[in-house]
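Beneath this line is the structure, given in structure tokens, with notes to follow.
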Amino acid sequence: MTEASERSPGTAAAERTIGKIDRIEERTVRIPFISPFSTSTATWAVKQALLLRIEGDGFTGWGECVADPDPFYAPETTTSASHIIRQFLLPLLESELTIAELLVRFERVRGNRMAKATVENALLDLVARREGIPLHELLGFRRKPIPSGISIGIHDSADSLLEAVGEAVRAGYHRVKLKIRRGCDIERVAAVRARFPRVALMVDANGDYSLDDAVHLARLDALGLTMIEQPLSDTDIRNHSTLQQMIETPVCLDESIHSLEDARTAIALNACKVLNVKQGRVGGLIEAMRIAGCAAHHGIPVWSGGMDETGIGRAMNIHLQTMSAFTLPGDTSETRRYFERDIVTPPVVLGEGGFIAIPEGAGTGVEIDLEALEEFTLRSEWIR
Ligand code: OSB
Ligand code: MG
């Protein structure tokens, strides 16, 4: 099973017919984070997410848009995604189409891949639930335990960072990612490395550096990092290639990769040795599988990033990671490090050995906690 599906990833799922759609709801939720999450470009104290609920034949699929309310990580926002989904994507939806045909129609809409992923995710969840199979099976992969990594935001002090890393190491996470920015990098990471000599450690700069910083960034080479994620601007694939020749730490691209074409370009230019594939950013699970398949073909290891998703998006990311191209631990951490209360059950829990389980049941396998959903809803509207 895995063989054929890994060679032409996503084909079986994409060939499913969308089927009858009865109604569609758009909803914005706002869930407080347990603690604010800081990157080089933003601090988020709450998770605000746009959700899409698609109902057909008595089944319901949910999609979560990974865009933030602000354009500080990527150009799309919850508001722009809502506009694109309502005005341009949903009008293309017809029940006789296959998902692949719908995705071809979506190509007329430039970019806006977070918006596209929201619709695609909801439809794949709906189709899997209608067929009574788990999402990973629809995608063509078998169940397996998923190794979990953690992304730790920028902390105010070195001490509180060391404490957070200690907690993550004791919890059993397979690797620890530290957010860095100009002026808060080498010394902080060196302190973590000194305290935890053996932990698999990496950093993520979210594009804060320029090529002029290459000599500075080369100081990370002594710290035995598994990779540096997105050191340079998201719009600049070429300079990542130059940077990679100047530093030993493997470069991983995140926000520079919007599509399969971007991945091909980055790989051809030797601009990265690793790829962070966020399905919610590249247009959905099917595009993510194509990218991962291409990367695997070129010997580039892949992992699934995260966008601090609610349990809906997190479940999508978990199912995706059953694809064997995802050889490195992702950023899918357990629910309780983000939220006191999530809008789905069951929560993601870090199990024995730092692995997370795939939710049982059809589709994503998670169920909406309607009471929590109402509690966190800012607005909701039936749009079709
Ligand atoms: O760059 O990977 C990133 C969160 C929000 C925006 C961008 C990023 C992140 C993370 C956290 O690193 C990943 C997660 O825990 O979901
Ligand atoms: Mg990143």
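In the condition set (1) outside any helix (DSSP H, G or I); (2) surrounded by fewer than 22 Cβ atoms within 10 Å (Cβ to Cβ), residue 164 is compliant with all but (1).
Taking (1) under 11 Å from residue 148 (Cβ atoms); (2) in contact (Cβ under 8 Å) with a residue 40 or more places away in the chain in turn, residue 325 satisfies each apart from (1).
What are the residues in the range 285-331 that are assigned to a loop (DSSP other than H, G, I, E, B) and within 16 Å of residue 141 (Cβ to Cβ), if any? Outline the logic, then answer.
Residues of the range 285-331 assigned to a loop (DSSP other than H, G, I, E, B): 298-301, 305-310, 321-325, 327-329, 331.
321, 322, 323, 324, 325, 327, listed by residue number.
When you check residue 254 against the structure, is it closer than 28 Å to residue 291 by Cβ, in the same structural domain as residue 287 (by TED's automatic domain parsing) and within 15 Å of ligand 2 (Cβ to nearest atom), yes or no?
Working: closer than 28 Å to residue 291 by Cβ: yes; in the same structural domain as residue 287 (by TED's automatic domain parsing): yes; within 15 Å of ligand 2 (Cβ to nearest atom): yes.
Against the criterion (closer than 28 Å to residue 291 by Cβ, in the same structural domain as residue 287 (by TED's automatic domain parsing) and within 15 Å of ligand 2 (Cβ to nearest atom)), residue 254 qualifies.
Results for (1) within 13 Å of ligand 1 (Cβ to nearest atom); (2) aromatic (Phe, Trp, Tyr), shown as yes or no for each residue.
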| residue | (1), (2) |
| --- | --- |
| 276 | yes, no |
| 293 | no, no |
| 296 | no, no |
| 313 | yes, no |
| 355 | no, yes |
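For the subset of the range 257-280 comprising residues that are of a type outside the set (A, V, I, L, M) and assigned to a helix (DSSP H, G or I), which member is farthest from residue 320 (Cα to Cα)? Looking at residues that are of a type outside the set (A, V, I, L, M) and assigned to a helix (DSSP H, G or I), I get 265. Exactly one residue among 85, 180, 152 is crowded, with 19+ Cβ neighbours inside 10 Å and not assigned by TED's automatic domain parsing to the domain that holds residue 192, and that residue is 85.
Residue 252 meets the conditions (1) touching a helix residue (DSSP H, G or I) at 6+ places or on another chain (Cβ under 7 Å); (2) surrounded by 15 or more Cβ atoms within 10 Å (Cβ to Cβ) in every case but one. The failed one is (1).
May I ask you to verify whether residue 233 is within 20 Å of the chain's Cα centre (by Cα), more than 15 Å from ligand 2 (Cβ to nearest atom), surrounded by fewer than 23 Cβ atoms within 10 Å (Cβ to Cβ) and of a type in the set (Gly, Ala, Ser)?
Details: within 20 Å of the chain's Cα centre (by Cα): yes; more than 15 Å from ligand 2 (Cβ to nearest atom): no; surrounded by fewer than 23 Cβ atoms within 10 Å (Cβ to Cβ): yes; of a type in the set (Gly, Ala, Ser): yes.
Spelling it out, it is not the case that residue 233 is within 20 Å of the chain's Cα centre (by Cα), more than 15 Å from ligand 2 (Cβ to nearest atom), surrounded by fewer than 23 Cβ atoms within 10 Å (Cβ to Cβ) and of a type in the set (Gly, Ala, Ser).
All conditions but one from (1) within 18 Å of residue 328 (Cβ to Cβ); (2) in contact with a helix residue (DSSP H, G or I) (Cβ under 8 Å, 6 or more places away or on another chain); (3) among the acidic types (Asp, Glu) apply to residue 187; the one that does not is (1).
Take residue 32 and tell me if it is surrounded by fewer than 20 Cβ atoms within 10 Å (Cβ to Cβ) and within 16 Å of ligand 2 (Cβ to nearest atom). No.
Among the residues here, residue 299 qualifies as free of Cβ contacts under 8 Å to residues at least 12 places away in the same chain and either out of contact with any Pro (no Cβ under 7 Å at 6 or more places or on another chain) or buried (at least 24 other Cβ atoms within 10 Å of the Cβ) (or both).
Only one of the listed residues (309, 367) is within 22 Å of residue 29 (Cα to Cα), acidic (Asp, Glu), modelled with pLDDT of 95 or more and within 12 Å of ligand 1 (Cβ to nearest atom). That residue is 309.
Out of everything in the range 174-195 that is assigned to a strand (DSSP E or B) and touching a Gly at 6+ places or on another chain (Cβ under 8 Å), what residue ends up being nearest to residue 209 (Cα to Cα)? Spell out the reasoning first.
Initial filter on the range 174-195 (assigned to a strand (DSSP E or B)): 176-179, 181, 184.
Of the ones still in play, those that are also touching a Gly at 6+ places or on another chain (Cβ under 8 Å) are 176-177, 179.
Details: 176: 21, 177: 17, 179: 13 Å.
My answer is 179.
Counting only helices (runs of 4 or more DSSP H) that fall entirely inside the range 65-136 and contain at least 1 residues that are without any contact (Cβ under 8 Å) to a residue 12 or more places away in the chain, the qualifying elements are 78-84, 99-106. Scanning the range 250-261 for residues that are more than 13 Å from residue 230 (Cβ to Cβ) and free of Cβ contacts under 8 Å to residues at least 60 places away in the same chain yields 260, 261. Residue check: residue 321 meets all listed conditions (1) crowded, with 24+ Cβ neighbours inside 10 Å; (2) within 15 Å of ligand 2 (Cβ to nearest atom) but one, namely (2). Set side by side, the residues 145, 71, 91, 134 differ, and just one is surrounded by fewer than 17 Cβ atoms within 10 Å (Cβ to Cβ) and closer than 30 Å to residue 171 by Cβ, which is 145. The set of residues in the range 352-384 being loosely packed, with under 14 Cβ neighbours inside 10 Å and not in a loop (DSSP other than H, G, I, E, B) consists of 352, 353, 370, 371, 374, 375, 378, 379, 381, 382.
Listed here are the residues, each with its yes/no results for (1) of a type in the set (Lys, Arg); (2) under 30 Å from residue 142 (Cα atoms).
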| position | (1), (2) |
| --- | --- |
| 8 | no, yes |
| 18 | no, yes |
| 30 | yes, no |
| 57 | no, yes |
| 66 | no, yes |
| 72 | no, no |
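The values are calculated or read from the model by the stated rules, or taken from the named source; none is laboratory data. The structure presented is a predicted model; accordingly, all values stated were derived computationally and were not measured. Reconstructed Cβ throughout: ideal geometry from the backbone, glycine too, with neighbour counts over all protein chains shown.
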